[in-house]
Amino acid sequence: MHDDEQHGPLAGFTVGVTAARRADELATLLRRRGAVVVHAPALRIVPLADDSELLSATEELLDSAPDVVIATTAIGFRGWIEAADGWGVGARLLDLLGGAELLVRGPKVKGAVRAAGLTEAWSPASESMAEVLERLLAEGVEGRRIALQLHGEPLPGFVESLRAAGAEVIGVPVYRWMPPEDIGPLDRLLDLTAARGLDALTFTSAPAAASMLRRAGERGMLPELLGALRDDVVSACVGPVTALPLQAHGLDTIQPERFRLGPLVQVLCRELPTRARTLPVAGHRVEIRGHAVLVDDGLCPVPPAGMALLHALARRPGWVVARADLLRALPGSGTDEHAVETAMARLRTALGVPRIVQTVVKRGYRLALDPASDAKYADS
């Protein structure tokens, strides 16, 4: 049995989850594939049932009916109907929506619209707001009144394009993003990311990505965070809009073709194992992952200090690495080379095959690369 089938393609990797909504679902999908998950919501969603902005937007529409209504999220659409019920105008709002051209962004919103007893006029195959905009502009919007359910994500140029084409646009703010009530978990996730303690960080909304970057800035650690995300920690975004705040800082992201949690996890299952280093050492197949090592088909969790040593040795497989160089590789390294011996003893215990790492007396340590592979790795 191949190790990925036995342990899951994400075994040995640590993945951060920043989502507030559906975080449990994403964490479950990741754990099922072997990942260790660290969760810290980067925001919280505050419903606006008692909010004057939503009430005034609803009253404005009830006074003068829109020609087009755009529903963007299921949670937002349901929240709007529930709030209107609470204000005693639920039936009037449903009549209003039933009389407008109702455009919905994707299947989940379609489900919420139909559950409210309404039928959508159209839904884009791509689930993208760009396609909604294209359709409206092609139909012509001059003099039309358009209600847009806002959902906290930036919609670059959407409202501006409609207004430039002569439409009147009324934003319907159904919920708003706020910082998490307890900032502690987010700060711990930031520290872990900056220390390269994660292999990947997942984002399911642009506001979450923006919130994390903003918090790093407040703590004076934005350069460290960006450095980690640029060099060592994969930024996995559910879609292109979510990636915008990260790309604005020059960061590369990976994204699935379909903007869903399942495909997001599949992209990580493909990407992270390609970053693992596989070497033939002491008669074993050794695959070095984020926080664990596969020795043949056995998964061996390794403490952070041990992983740091192993990564340093694997950069020059078969070559002797001096204790002083290994000491520099240790997290929070001091000046006592004894720390290297302690971490090395724990690493050997964790691997279960002590001879994978050889001691070279008075010089340092080396990975016991199999002789047949020496030529292959001599120049690496």
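The values are calculated or read from the model by the stated rules, or taken from the named source; none is laboratory data. As the structure is a prediction and not an experimental result, all values here were calculated from the model. Using ideal geometry, Cβ is built from the backbone for each residue, glycine included, and neighbour counts are taken over all protein chains shown. SASA here: full protein model, heavy atoms, side chains in, ligands and nucleic acids out. Shrake-Rupley method; radii C 1.70, N 1.55, O 1.52, S 1.80 Å.
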Coarse-grained scattering of region 240-357 at q = 0.21, 0.23 Å⁻¹, given as base-10 log I(q)/I(0) from a Debye sum over alpha-carbon atoms: -1.08, -1.22
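Taking a ≥ b ≥ c as the square roots of the eigenvalues of the Cα gyration tensor of region 117-214, is the shape rounded (a/c under 1.5), prolate (a/b larger than b/c) or oblate? Can you show the working numbers first?
Values: a/c = 2.76, a/b = 2.48, b/c = 1.11.
Cα axes put region 117-214 in the prolate bin.
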Area accessible to solvent at residue 296, 1.4 Å probe radius, in Å²: 60 Å²
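As a check on your grasp of the helix formula, calculate [θ] at 222 nm for the chain: sum -39500 (n - 2.57) over DSSP H runs of n ≥ 4, divide by the residue count, round to the nearest 500. Before the final figure, lay out the partial values.
Working: 17 runs with 168 residues, N = 380.
-13000 deg cm²/dmol, from helical runs alone.
So what is the accessible area of region 307-355 per residue, in Å², with the probe set to 1.4 Å? List each step's numbers first, then the result.
Working: 2570 Å² over 49 residues.
Per-residue value: 53 Å².
Using a probe of 1.4 angstrom, how much of the accessible area of region 145-289 is carbon and sulfur, in percent?
Ligands and nucleic acids excluded, carbon and sulfur give 51 percent.
Evaluate E = 1/(1 + (r/R0)^6) for residue 63 and residue 248, where r is the Cβ-Cβ distance and R0 equals 45 Å; express this FRET efficiency to the nearest 0.05. It would help to have the intermediate numbers written out before the result.
On the way: r = 39 Å, r/R0 = 0.86.
Computed FRET efficiency for residue 63 and residue 248 comes out at 0.70.
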Relative contact order of the chain, pairs being alpha-carbon contacts under 8 Å that are 6 or more residues apart, as %: 16 percent
Debye equation applied to the C-alpha atoms of region 225-296, log10 I(q)/I(0) at 0.12, 0.22, 0.24 Å⁻¹: -0.43, -0.96, -1.05
For mean projected area of the Cα convex hull in nm², calculated from these coordinates, the label among (i) 21.3; (ii) 22.7; (iii) 19.5: (ii)
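With a 1.4 Å probe and all protein chains left in place, how much accessible area per residue does region 178-221 have, in Å²?
Details: 1740 Å² over 44 residues.
Value for region 178-221: 40 Å² per residue.
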Gyration tensor verdict on region 295-338 (Cα atoms; rounded if a/c is under 1.5, prolate if a/b is larger than b/c, oblate otherwise): oblate
Förster-model FRET efficiency, 56 Å R0, residue 56 and residue 361, C-beta, rounded to 0.05: 0.10
Alpha-carbon Rg/Rh ratio, for region 45-97, with Rh computed the Kirkwood way: 0.92
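Would you mind getting me the FRET efficiency between residue 94 and residue 276? Use the beta-carbon distance for r and R0 = 51 Å, nearest 0.05. Mind showing how you got there, number by number?
Working: r = 54 Å, r/R0 = 1.06.
With a Förster radius of 51 Å, E is 0.40.
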